[in-house]
Amino acid sequence: MRKPSLTRSLLIWPTLPPNIYFRRASNWRPFPLNQDGCRIYSLARQAIWNACKTLDLGTEDVILVPAYHHGSEIEALIEAGIQIRYYDLNEALEPDPEELQNLLSPNVRALYIIHYLGFPQDAGFWRQWCDERNLLLIEDAAQAFLATRDGLPVGSFGHIGLFCLYKTYGIPDGGAVISTVPPPPPAGAAQTGMWRAFKRHVNWVAARRGEIGLVHLMLKPLVTWWNRSWHRLRGQYTIEFELGDPSTPPATISMHLLPKLLDESTADRRRENYRFLLKHLGDMVPGPFASLPEGACPFAFPIEVSHAREFLLRLRSRGVVGLLFWLNPHPSLPVADFPRSRELREGVVALPVHQELTQNDLKQIVSAVHEACGNLRATVTSVG
Ligand SMILES: Cc1ncc(COP(=O)(O)O)c(C=O)c1O
């Protein structure tokens, strides 16, 4: 394995520029922030829990959920007392109406769909499907803030729509929800979020300065290892899925900085970056993400690789911090029954595509991927 040299470090997450405190707040409020009933909690999983409680979903009720999921959304539903029934996805990562129909029983009350990586599902179709069966539709737009479908914001079709604001902008936290009956605003005490904001500032510097990038690349795995070991010592094996206190509000600094970060060009810039990566790495992209639909607001750029862990290490030594996407499902998933979801979990690597990436950053990503593949692919287009 090549030793990392002085290299800027590029993460999936948008960073926080140090001058953000002096920027003027934007007047633009995209959906759902422009809705009176919008509520913001610290995390989207807390938003899910509160919205389900408010709509009276409980122990008598079953919800149809996808086998391909993050895990924290499933934990939130289970913590809300709802029974989970898994469905598989088709080749296009969409639910199959026939399979869903077969899963129905009198106690099914809701269908949960996920707009994967900011690519919109046909939420209008699923709303009608739910209405015809007297079901609630929950749209998980955790990765799809600013995405639209048929000219309408994703999350606006369902009875509940939820979003992770911090996945699109470099704030420490913020999980928004819009619902036909708005849940109560979070009643807990807000943290300042200063330490988490500081880390996002460090990410900003590391994406621009090779010396800091190198230190960052070397320290980050240590910090991750330390956090994991600490939680394991305390018997917390599924910490990444935990609900926490559902009444936790977003950090003060998140709400202070969000209006300064909101920008009408964000979705366009993500789409532009996605197109660039698609041009150079398109043959590695899984089918459902191989073309960019109108209205998508990509959260990350997915590629399929055979030795994902080894690949990620090679990528990291070239300054690109990818992510083995959703490696671990929620423990309640009978993994063997859902082979498509297992395949995706083991082979899909997510790369940065966010709005702050420069042309040089994008070229660095393309070169890093080509080099990490061991220059095996002779036919790659030269980076231009
Ligand atoms: C599809 C999906 N839903 C829900 C969540 C939960 O978001 P949070 O971590 O803000 O609770 C995530 C988190 O990554 C996610 O990917």
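The dipole here belongs to the stretch 22-179: it is taken about the Cα centre, uses +1 on the Cβ of Lys and Arg and -1 on the Cβ of Asp and Glu, and is about 880 debye. Taking 0.36 nm per residue of separation and subtracting the current Cα-Cα distance, fully stretching the chain between residue 36 and residue 292 would add 89.0 nm.
Between the Cα long axis of helix 44-54 and the first principal axis of the chain there is an angle of about 10°, rounded to the nearest 10.
Stretching residue 265 away from residue 28 to a fully extended chain increases their span by 84.2 nm, per 0.36 nm per residue minus the current alpha-carbon distance. Backbone geometry of the stretch 163-180 corresponds, through the Karplus equation with coefficients 6.51, -1.76 and 1.60 at θ = phi - 60°, to 3J(HN,Hα) couplings of 9, 9, 5, 6, 7, 9, 10, x, 8, x, 7, x, x, 9, 9, 10, 8, 4 Hz, x marking Gly and Pro. Which of the three applies to the stretch 22-179, rounded, prolate or oblate, going by the alpha-carbon gyration tensor with a ≥ b ≥ c and a/c under 1.5 meaning rounded? Taking the square roots of the gyration eigenvalues as a ≥ b ≥ c, the stretch 22-179 is prolate.
Go ahead and set up a Gaussian network model of the chain, Cα springs under 10 Å, then flag whichever of 219, 77, 55 fluctuates most. Looking only at 219, 77, 55, the biggest GNM fluctuation is shown by 219. Across all directions, the average flat footprint of the convex hull enclosing the Cα atoms of the stretch 300-365 is 5.2 nm².
Could you work out [θ]222 nm for the chain from helices alone, using -39500 (n - 2.57) per DSSP H run of at least four and dividing by all its residues? Round to the nearest 500 deg cm²/dmol.
Helices in the chain give a 222 nm mean residue ellipticity of -10500 deg cm²/dmol.
Relative to the Cα centre, the charge distribution of the chain, modelled as +1 at Lys and Arg Cβ and -1 at Asp and Glu Cβ, gives a dipole magnitude of about 2100 debye. Compared with the rule-of-thumb size 2.2 N^0.38 Å for a compact globular protein, the chain has a Cα radius of gyration ratio of 0.96. Relative contact order for the stretch 97-161: 34 percent, from Cα pairs under 8 Å spaced at least 6 residues apart, divided by residue count.
For the chain, modelled as a GNM whose springs connect Cα atoms under 10 angstrom apart, the maximal fluctuation among 32, 183, 339 occurs at 339.
In the context of the full protein assembly, residue 26 retains an accessible surface of approximately 30 Å², using a probe radius of 1.4 Å and ignoring ligands and nucleic acids.
Could you work out which residue, out of 307, 69, 280, moves most in a Gaussian network model of the chain, that is, has the largest mean-square fluctuation with Cα springs under 10 Å? Largest GNM mean-square fluctuation: 307.
When only Cα pairs under 8 Å and 6 or more residues apart are kept, what is the percent relative contact order across the stretch 22-179? Across the stretch 22-179, relative contact order equals 26 percent. Taking a point 7 Å out from the Cα of residue 103 in the direction of its Cβ, the residues of the stretch 137-178 whose backbone N falls within less than 14 Å of it are 137-140.
Using C-alpha pairs under 8 Å with a sequence gap of at least 6, the mean separation divided by the residue count of the chain gives a relative contact order of 25 percent. With respect to the chain, whose longest principal axis is taken over its alpha-carbon atoms, helix 266-281 is tilted by about 60°.
The values are calculated or read from the model by the stated rules, or taken from the named source; none is laboratory data. Since we're looking at a predicted model, the values are computed, not measured. Cβ atoms come from the backbone with ideal geometry, glycine included; neighbour counts cover every protein chain shown. For accessibility, only protein heavy atoms count, side chains too; no ligands or nucleic acids. Shrake-Rupley method; radii C 1.70, N 1.55, O 1.52, S 1.80 Å.
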